[in-house]
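Down below is the structure, laid out as structure tokens.
The values are calculated or read from the model by the stated rules, or taken from the named source; none is laboratory data. As the structure is a prediction and not an experimental result, all values here were calculated from the model. With ideal geometry, Cβ positions are generated from the backbone for all residues, glycine too; neighbour counts draw on all protein chains shown. In case anyone asks, the SASA skips ligands and DNA or RNA and just uses the protein heavy atoms, side chains included. Shrake-Rupley method; radii C 1.70, N 1.55, O 1.52, S 1.80 Å.
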Amino acid sequence: MSHSMSVEEIRKQQKVYITVFAALGVMTVVTVAVAFIPMPIGVAVAVAMMIALFKGSLVAGYFMHLISEAKLIYATLILCVVFFIVLMALPSLTVGENVTVEPLYSITPIERDAAGAHGDTQAETDTHSESDMHAESDTQGAAGERDEP
Amino acid sequence: MSMGLPCEVKPHPVTGLYNGKFGVWLFLASEVMLFGALFSAYVLLRTGVDYWPRGRDAGLNTWIGMFNTFVLIASSVTMVMAWASLKLNDFAKARTQLILTVVLASIFLVVKLAFEYYPKIMHGHVPGHSNFFAIYYVITGLHGLHVLAGIIVIGYFIGPGGALWKTDPEHFTNRIECTGLYWHFVDLVWIFLFPTLYLL
């Protein structure tokens, strides 16, 4: 941002900030509204991230003044984005390998052990939806196989 | 007139920026990697299981999350307006806007702690409950700490740090701009966090 902005330019910028605020508010409502539309999870993720990216670019461009920033900042951020993409892509390297993640518990190990100690035959369940839930973590263990796709 | 380091106020001849701004952007780049690593961990955890609950199915309140999003965005607006007011030489207005920023940030933290964390912990949804809540508490907790740090820094400039305005107004304005960059980044992280954890 230039050091020598005129009063008129600053006042114009203030109106831009209010406009961006309104746009961010509207997009937040849109984000929530879209989340209630039934759609495949992949599509939902893509739509949500696109809206978040748009909102983020408004914040970065206007509030952080990136839209009129020096080239050195862009160079720094481009380098950062490259590494960020690598970071987000890293989990995909585990696909196809025998790398597992401890499945989501229907009950915690503490609850399971407590149920076993008291001779309870039915384990306590939590508030998660039970559909498609695999709760055999105690039989599979941390090195359990992932289900075949 | 600043008697400190060179290029604290006037741009550096090579970078074209004053030192603080370049420094903050470098810091924010490192922060992107910090939160990026946590998002990456979230992706790994989520794709590693057959079932992952939607935020609202796991007990997260969408409306509280949406309210907090509005609050944080509003605090970002007041922060940048404070910088604009300083550029217009209106210190009193800028100080009011900084106070408003701190108030909004505090509302965010109070809502998060009192209406989200506390009921969940009372219900037994602690980090050890499941992978979902483990990553939820880590990401939102780290973000909350960043909000708290922002409150402390902005509070400093409302208080004793404001004395710099009398001796070197341009330097003070630059410091508020740098603080604003950090604050907008905190808002930006939440803009991605909210749909990821609460809506998907």
Positions within region B:23-54 being at the interface with chain A (Cβ under 7 Å from one of its Cβ atoms) and of a type in the set (A, V, I, L, M, F, W, C), in sequence order:
B:TRP25, B:LEU26, B:ALA29, B:VAL32, B:MET33, B:ALA37, B:PHE39, B:VAL43, B:LEU44, B:LEU45, B:VAL49, B:TRP52
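Test B:VAL14 against the criterion of being more than 30 Å from B:ASP168 (Cα to Cα) and facing another protein chain (nearest Cβ under 9 Å), and give yes or no.
no
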Taking B:VAL80, is it within 24 Å of B:ALA114 (Cβ to Cβ), among the aliphatic types (A, V, I, L, M), open to solvent by less than 20 Å² (accessible area, probe 1.4 Å) and under 21 Å from the mean Cα position of the chain (by Cα)?
no
Within region B:151-169, the count of residues that are crowded, with 17+ Cβ neighbours inside 10 Å and within 14 Å of chain A (Cβ to nearest Cβ) comes to 1
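With respect to A:LEU24, determine if the residue is facing chain B (nearest Cβ under 10 Å) and at pLDDT 95 or above.
The answer is yes for A:LEU24.
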Please tell me if B:PHE194 is within 12 Å of chain A (Cβ to nearest Cβ) and among the aromatic types (Phe, Trp, Tyr).
yes
Among the candidates B:PHE115, B:PHE67, residue that is open to solvent by 60 Å² or more (accessible area, probe 1.4 Å), in a helix (DSSP H, G or I) and within 14 Å of chain A (Cβ to nearest Cβ)
B:PHE67
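Pick out the one residue from A:LEU53, A:LEU104, A:LEU90 that is within 27 Å of B:ALA37 (Cα to Cα) and at pLDDT 90 or above. First the steps, then the outcome.
On the way: A:LEU104 fails: at pLDDT 90 or above; A:LEU90 fails: at pLDDT 90 or above.
Sole residue among the options that is within 27 Å of B:ALA37 (Cα to Cα) and at pLDDT 90 or above: A:LEU53.
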Residue check, B:VAL110 farther than 20 Å from A:ILE18 by Cβ and out of contact with any Asp or Glu (no Cβ under 7 Å at 6 or more places or on another chain):
yes
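Does B:GLU177 satisfy the criteria of being charged (D, E, K, R) and either open to solvent by less than 10 Å² (accessible area, probe 1.4 Å) or away from chain A (no Cβ under 14 Å) (or both)? It would help to see each step written out before you state the result.
Numbers: charged (D, E, K, R): yes; either open to solvent by less than 10 Å² (accessible area, probe 1.4 Å) or away from chain A (no Cβ under 14 Å) (or both): no.
The answer is no for B:GLU177.
Could you list all residues from region A:50-64 that are closer than 15 Å to B:TYR182 by Cβ and either open to solvent by 10 Å² or more (accessible area, probe 1.4 Å) or not aliphatic (A, V, I, L, M) (or both)?
Of region A:50-64, the ones closer than 15 Å to B:TYR182 by Cβ are A:59-60, A:63-64.
Of everything in region A:50-64, those that are closer than 15 Å to B:TYR182 by Cβ and either open to solvent by 10 Å² or more (accessible area, probe 1.4 Å) or not aliphatic (A, V, I, L, M) (or both) turn out to be A:ALA60, A:PHE63.
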Looking only at region A:27-74, which residues are more than 7 Å from every other protein chain (Cβ to nearest Cβ) and outside any helix (DSSP H, G or I)?
A:PHE36, A:ILE37, A:PRO38, A:MET39, A:PRO40, A:HIS65, A:GLU69
Looking only at region B:85-107, how many residues end up being more than 14 Å from chain A (Cβ to nearest Cβ), in contact (Cβ under 8 Å) with a residue 24 or more places away in the chain and not hydroxyl-bearing (Ser, Thr, Tyr)?
7
